[in-house]
Structure formats: structure tokens, C-alpha cells
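Here the structure comes first, spelled out in C-alpha cells, and everything after it is commentary.
The values are calculated or read from the model by the stated rules, or taken from the named source; none is laboratory data. What you see is a predicted model; the values in this text were computed from it and never measured. Note that each Cβ is placed from the backbone with ideal geometry, even for glycine, and that neighbours are counted across all protein chains shown.
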Amino acid sequence: MAIEVRDVNKSFGTTPVLRDVSIDVESGSLTALLGPSGGGKSTLLRVIAGLEQPDTGTVHISGVDATRLSPQRRNVGFVFQHYAAFKHLTVFRNVAFGLEIRKRPKADIRKRVMELLELVHLEQMADRYPAQLSGGQRQRMALARALAVEPEVLLLDEPFGALDAQVRKELRTWLRRLHDEVHVTTVFVTHDQEEAIEVADTIVVLAGGRVEQVGSPAEVYDNPANPFVMRFLGPVTEIGGNLVRPHDIEISADPQEGGTAATVSRIVRLGFEVRVELRIDGKDAWVQVTRSFADQLGLKPGDTVSVRPNPGARSLALAAV
Amino acid sequence: MAKYGLRTIAIAYLFFLLVLPVGLIIWRTFGDGLQPVVDALSSPSAVHAFQVTLTVALWAVAANTVFGIGTAVLLVRHSFPGKRLLNALIDLPMAVSPVVVGLALILVYGKFAPVGGLLESWGIQIIFSTPGMVLATVFVALPLVVRAVVPVLEELGDEQEQAAHTLGASRLQAFLRITLPGIRWALAYGIVLCLARSLGEYGAVAVVSGRLVDQTQTLTLFVEERFQNFDQPAAFAAATALALIAVITLLLTKLLRPKG
């Protein structure tokens, strides 16, 4: 295991932020800490980096008890949401910082920094200052800077949170590819479930300071441990007291076995997919169908239809909650 | 029309308050040519006053720079009981009259005070000597570096320092390589302000120095003493020199400000 977090508790004043958190991060994996803001995911990342001290519990990095080690001695790479670029240093000196602190020979530093700048496609920018870079370039520089010291683990705190949607998408594909190339154990924090599903091989869902579920993206999406995880990882709707994904619902004009009667209230066409909004016993629900299927049914507002969860799909009973 | 009226009032106000008095001093100084000015400023008393002023100012600036950076870091980066009290105390020298500062120092460090007496028995004289004048100047110029650095340190945030730590930098390395360059313009601005205040200090230094000619006489005390003794050329020449130093520091602060 690259990182083992055991029974970590942390409070800010009287507010608990982490409660009995235990997670294992496998060597070479790419793990997402996913959860709503205020769920404790950034704090957990900072505890792993040593930027926050846990009140109780332990953190092991590569088998070494790091709980009381300062961030300086943990050999972790940390990337901040707002880049934390050293504004008075050039891109080259930013990336070289960790190596200069370690007093590596000048020639070695030069070679390593240029390699890294090539890796993050910033070799042309070596002599620029952070202020002359775009947000995406700054974040790539911060990544190169963190990788320069060959960290045991790479920790990224909402790395794409401050970037616009287009750059965000580009960078997360790029991060996935980078990880396949470099293989350093990576943990990143995000509140965007799409980002977590697309990039990570393991997702840790954190809410209210607790670990709600750990698993591969497919596992947490298809087999959510509880209604919270189900809601957080994708769209849900409620049919007959069950929480169901709107694309896992069968809809037909005629009554069907185990079906619930519903009235169509609105039909929204969103390109390929069509959103059929329904009223069931005075409650709102919706179903996602393809356009061709919607055309085939010929639905219009006011129609009565029958809906039921897809037999193969997982649904969660809400009654227990 | 109202615009021009307001401008006229503003300009007249500044003219009678600032331009006319300073202009007159300069005019009177150079009224008889350059030679009397050179003579007046190169007299042994004047040269000595320059030296005393410089010594006191440099020590005071050094002390306030170290204290200022330390206090600013303490106030911005740490929380501790009594922080608000410290924050309020820093501004005290701005509110207290320098004369009161001088008297207070005599009460503590004077020959017949407990602390002063003890130091005196070890052969260290504070009052009527350079250490006392440095103390008085340090006190008077105390807030300037702190107040210049604090807002910039706040704006800088601590993420860059944290990043430096995760990259293996110790606290000292992070401070020297990251924090100090980040606040350098604000710090320079604070130091220049502190220097200007120290060079021009009169009240507190007048009380603790004992105004001993050729011993504890600073340039401001020299101006006052020459003027009282009807040596107007020397008084005006030294005053002009002080004003010139003030103008230079003002230009320096203008130069430093926009980058901070």
C-alpha cells in the first residue's frame, strides 16, 4: 500500500471534519476523493500531505509512519487548486525549486527540469513568469514542480477547479494519460462525479467527514452503498418508493406488469436524449430515453403511461432511510 | 465653475501650508549663494550632528525591520491569545506624543530609575546617550514596517509557503526563498518610511538626548539649537538638508509603491 490512513479524526474548533476515516491507496493507482464541498476531502488530502495534523489516527506512506512527520520530510508532491505558483520565479526555477533545496548538481537539475517541462508541454515557456501563463499552463507547471522531487505519492487538491470547462476536460484526459506514463501513486480531490468517473480507477466517496463508499467507478455508480452515494454519482429519480437512475426505467403506453401509472407533464428534447417528465401520485419523476424511442412512443403532455425499473438495474428502496 | 473654485482653494491651501514655508527656507538658504551653505554644513558641529542622526536612524531602522517582519508574520500567519491586543499596541506610538515617549523612557532607563540604575552599574548608559536615542526612535517609528508588510503578507496567502514545505523546504528556507521575495517591495516601502521618520524625529529624541551639543545632537536638534542662537544660515542650511532627504525618500516611496 502506498498510503494507509487509519481511524483519522480531525476537528476545526468544535466542528468535526473527519470522523474515523480509514482508507488504503494502492501503489501506482489513481484515486479520487469525491464528495460535496465541506465533506472533508480536502482536509483528508492535507492530512496525508502533513499540512494538517490529525487529532487522532495514523497516516502511513510507503509503510513508514508519517503521522508526526512534517510535510518537508514526507516526500509527497502537492498541487493546489489555485496553483500556488512562486510568482517571483520563472517557470524553470519553479520546477527546479525542490531540486535546488536538495542541492542537486546544476547540470542534473537542468536536465531533469527540461525533461519535466517537455512532459507537461511547457518547454517553450521555461523563461516566462507564472503571471504570463494561462490557468491551464500554470497548473501543468505546478504538476511538473511536484513531480520534480520524485514524490512517493502525488496529491492534487481540486486541481482543475479554477479552470474553465473546456480546459478542465482537456486537462483531465491529459492527467489520465500522464498517470499511465509516470505511474506515480496519485490521489486527487474533486466534487465533480464525472471527473472522478472519467479519470480515477478508484473512487472514495466522502461526505460529512465519513467514508461512504470505496470502489471502482463502475462499482460506485452501479452498486451505490446508500441513497446519498447514488444521488451524488449520477442522476436519480423516484419511482414507487425506489431510487432509480432515469435511464434504467422502462416506459410504455400500455399497462405493464409491476408498472406504475404516471402522467406525462412535459417532454424536453436535449439532442440525442429526451427527458420525459412525469407526475406519479402527485410527485415529480423523470425518465431518460433516446430520441428514436420517444418518437416511436409518440408521447405528448397529458398522456398516461406505465413505468417500471429496468429488471437488470439496481434500485435502492427509500423506505429504510 | 465650481470645479475651478475647488481647485483654487486646494492649491491656495497647499501653497500657504507647504509650498510657501518650504520655498522660503530654500530661498533663504541659498539667498547668499552656495558657499555659506557649504560652510554651515561642514562645520564640526553640523558634521557631528549628521553622524549622530545617521547612527541613530540606521540602528532604529535595523531594529524596526527585524521586529517589523517578525511581528507581521506573527500577526498574519499565527493565532495566539493576546493577538488583538498586540495588534492594537503596535499602533500606540502613532497616538502617543513623542514627548511622552521620551519621558516614559527616562522613567524606566534614567540614572535614578531601577532598570536604568542597574544598567548604569554595569557601565551601560541609556539616557543622554545613543542607546536612549535609538530606543526613542525605534518606539516612534515602530508601526511603519509592520503596517506596510501586513496587508501584502495577507494577500500573498500561505499556499506558496506550504508548496515550498511539501517540496522539502524548511521554515527558514521557505521564508528566505518564498516569503521574503513576495513581500520585498512592501518591505522596502516600510523601511524607507521608517528611515524618513527616524531621520526627522525631534520630540522623543529631544527629551532623552539631553541635547548635548557635539555629543547627542541630531540634525533636527541642531536646526533648533542654531535657530535659537541666531545662527540662521546654519539652521536654514541644515533644515534644507533635512527637507531634501525627505523629498528623496518621498520619491523613493513613489517608486516603490506601485509594485507593492
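Could you list, in sequence order, the residues of the stretch A:84-103 that are in contact with a helix residue (DSSP H, G or I) (Cβ under 8 Å, 6 or more places away or on another chain) and away from every other protein chain (no Cβ under 11 Å)?
A:91, A:92
Would you call residue B:17 of a type outside the set (Gly, Ala, Ser), surrounded by fewer than 15 Cβ atoms within 10 Å (Cβ to Cβ) and over 13 Å from residue B:241 (Cβ atoms)?
Yes; evaluated as a whole, the condition is true for this residue.
Looking at the stretch A:254-262, is at least one residue surrounded by fewer than 15 Cβ atoms within 10 Å (Cβ to Cβ), outside any loop (DSSP other than H, G, I, E, B), in contact with a strand residue (DSSP E or B) (Cβ under 7 Å, 6 or more places away or on another chain) and at pLDDT below 90?
Yes.
Which one of A:64, A:79 is more than 8 Å from every other protein chain (Cβ to nearest Cβ) and surrounded by 18 or more Cβ atoms within 10 Å (Cβ to Cβ)?
Going through A:64, A:79 in turn, just one is more than 8 Å from every other protein chain (Cβ to nearest Cβ) and surrounded by 18 or more Cβ atoms within 10 Å (Cβ to Cβ): A:79.
Residues of the stretch A:132-150 being part of a loop (DSSP other than H, G, I, E, B) and within 12 Å of chain B (Cβ to nearest Cβ), which ones?
A:149, A:150
One residue is enough: does the stretch B:146-157 have a residue meeting the conditions surrounded by fewer than 20 Cβ atoms within 10 Å (Cβ to Cβ), closer than 30 Å to residue A:150 by Cα and at pLDDT 90 or above?
The answer is yes, given that some residue of the stretch B:146-157 is surrounded by fewer than 20 Cβ atoms within 10 Å (Cβ to Cβ), closer than 30 Å to residue A:150 by Cα and at pLDDT 90 or above.
From the residues in the stretch B:158-177 that are at the interface with another protein chain (Cβ under 8 Å from one of its Cβ atoms) and among the small types (Gly, Ala, Ser), which one is surrounded by the fewest Cβ atoms within 10 Å (Cβ to Cβ)?
Among those residues, the one meeting the criterion is B:170.
Inside the stretch B:53-172, counting only helices (runs of 4 or more DSSP H) that do not spill past its ends, which hold 3 or more residues that are β-branched (Val, Ile, Thr) and assigned by TED's automatic domain parsing to the domain that holds residue B:203?
Of the helices (runs of 4 or more DSSP H) lying wholly inside the stretch B:53-172, those with at least 3 residues that are β-branched (Val, Ile, Thr) and assigned by TED's automatic domain parsing to the domain that holds residue B:203 span B:98-109, B:130-140, B:142-156.
Can you tell me which residues in the stretch A:279-321 are surrounded by fewer than 16 Cβ atoms within 10 Å (Cβ to Cβ), part of a strand (DSSP E or B) and of a type in the set (D, E, K, R)?
If the condition is that a residue be surrounded by fewer than 16 Cβ atoms within 10 Å (Cβ to Cβ), part of a strand (DSSP E or B) and of a type in the set (D, E, K, R), then A:279, A:283, A:284 are the ones that fit.
Suppose we filter the stretch B:179-212 for residues that are part of a helix (DSSP H, G or I) and of a type in the set (Phe, Trp, Tyr); how many remain?
Of the residues in that region, 2 qualify.
Kindly list the number of the only condition in (1) at pLDDT 95 or above; (2) surrounded by fewer than 11 Cβ atoms within 10 Å (Cβ to Cβ) that fails for residue B:5.
(1)
What about residue A:148, is it in contact with a Lys or Arg (Cβ under 7 Å, 6 or more places away or on another chain) and under 17 Å from residue A:98 (Cα atoms)?
yes
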